[in-house]
């Protein structure tokens with residue numbers, strides 16, 4: 001079972017929900033302030049999973065996730081590279097995904113960012129539940145989706161979550177999840193992406209607040225949906 005670091009501080013505000021989702025699947029969870037990790041980046045290699053929660057890091061100044069990504073880039077790049085070589089896992093949810101995108105983790109090998117997360121095409125903050133399709137290839141391309149198929153429902157709450165290619169002819173990372181309907185103009189309805197090894201998973205919807213049926217706005221199938229959502233966290237720990 002993997003030991004998990006959940007980042008907190010500097011405007012991150014979903015760390016407890018994310019930590020609980022992993023703890024309920026048996027993980028040993030440590031909540032670590034961003035500044036503590038920056039003081040000792042080698043500490044990352046005492047863990048096996050790094051989780052970046054949602055929120056508004058640094059108040060979304062400049063753009064969502066930008067400042068935190070630059071802080072991490074300066075001190076964490078070498079340790080993160082070693083971490084991934086040792087089969088470490090990374091998940092970034094909403095603002096955490098925005099941070100990973102700005103950091104360029106999904107294009108770590110080429111060092112050329114293939115996409116950005118832009119404002120929703122309708123220009124509004126979006127807060128609702130959406131239906132997502134799990135790609136049939138996801139279970140073989142990423143440990144996060146082991147034995148998963150079909151669809152699931154998750155809540156989204158963001159204004160800057162539209163995945164946009166940086167150039168017309170560039171290949172984007174694989175998307176394991178697509179919105180069933182176009183909710184924000186995201187490229188090919190991408191709701192998240194994984195890196196080339198499948199270890200790093202970033203998504204805009206919030207699975208950490210959908211692991212119990214009573215949290216869902218619908219009754220029929222809520223418990224089944226919650227069990228499927230929990231598989232994301234249990235898979236990440238295997």
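The values are calculated or read from the model by the stated rules, or taken from the named source; none is laboratory data. Worth saying up front: this structure is predicted, and the values here are computed from it rather than measured. Backbone-built Cβ (ideal geometry, glycine too); neighbour counts: all protein chains shown.
To keep it simple, each residue is scored yes or no on (1) part of a loop (DSSP other than H, G, I, E, B); (2) more than 21 Å from residue 135 (Cβ to Cβ).
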| site | (1), (2) |
| --- | --- |
| 202 | no, no |
| 205 | yes, no |
| 211 | yes, yes |
| 214 | no, yes |
| 219 | yes, yes |
| 223 | no, yes |
| 227 | no, no |
| 230 | no, no |
| 234 | no, no |
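Mind listing whichever residues of segment 9-24 are in contact with a helix residue (DSSP H, G or I) (Cβ under 7 Å, 6 or more places away or on another chain) and surrounded by fewer than 21 Cβ atoms within 10 Å (Cβ to Cβ)? Of everything in segment 9-24, those that are in contact with a helix residue (DSSP H, G or I) (Cβ under 7 Å, 6 or more places away or on another chain) and surrounded by fewer than 21 Cβ atoms within 10 Å (Cβ to Cβ) turn out to be 9, 10, 11, 17.
Evaluate segment 153-168: report whether one residue or more is modelled with pLDDT under 95 and over 26 Å from residue 121 (Cβ atoms). Checked against the condition, which is being modelled with pLDDT under 95 and over 26 Å from residue 121 (Cβ atoms), segment 153-168 yields no hits at all.
Please enumerate the residues belonging to segment 183-197 that are in contact (Cβ under 8 Å) with a residue 24 or more places away in the chain, in contact with a strand residue (DSSP E or B) (Cβ under 9 Å, 6 or more places away or on another chain) and either farther than 17 Å from residue 90 by Cα or surrounded by fewer than 22 Cβ atoms within 10 Å (Cβ to Cβ) (or both). Within segment 183-197, 183, 184, 185, 186, 187, 190, 195 meet the criteria.
For segment 12-31, state whether one or more residues are in a strand (DSSP E or B), at pLDDT below 95 and either over 14 Å from the mean Cα position of the chain (by Cα) or closer than 30 Å to residue 184 by Cα (or both).
Initial filter on segment 12-31 (in a strand (DSSP E or B)): 12, 28-31.
In the following step, the residues that additionally are at pLDDT below 95 were identified as 12.
Next, from what is left, pick out any that are either over 14 Å from the mean Cα position of the chain (by Cα) or closer than 30 Å to residue 184 by Cα (or both): 12.
Yes, segment 12-31 has at least one match.
Go through segment 32-45 and give me each residue that's part of a strand (DSSP E or B) and exposed (fewer than 15 other Cβ atoms within 10 Å of the Cβ).
Narrowing segment 32-45 to residues part of a strand (DSSP E or B): 32-33.
Matches in segment 32-45: 33 only.
Would you pick out the residues in segment 77-106 that are more than 24 Å from residue 238 (Cα to Cα) and either modelled with pLDDT of 95 or more or outside any loop (DSSP other than H, G, I, E, B) (or both)?
If we filter segment 77-106 for residues that are more than 24 Å from residue 238 (Cα to Cα), which is where we start, we get 77-78, 95, 98-99, 101-104.
The answer is 77, 78, 95, 98, 99, 101, 102, 103.
For the condition closer than 16 Å to residue 55 by Cα, surrounded by 18 or more Cβ atoms within 10 Å (Cβ to Cβ) and more than 15 Å from the chain's Cα centre (by Cα), residue 67 qualifies.
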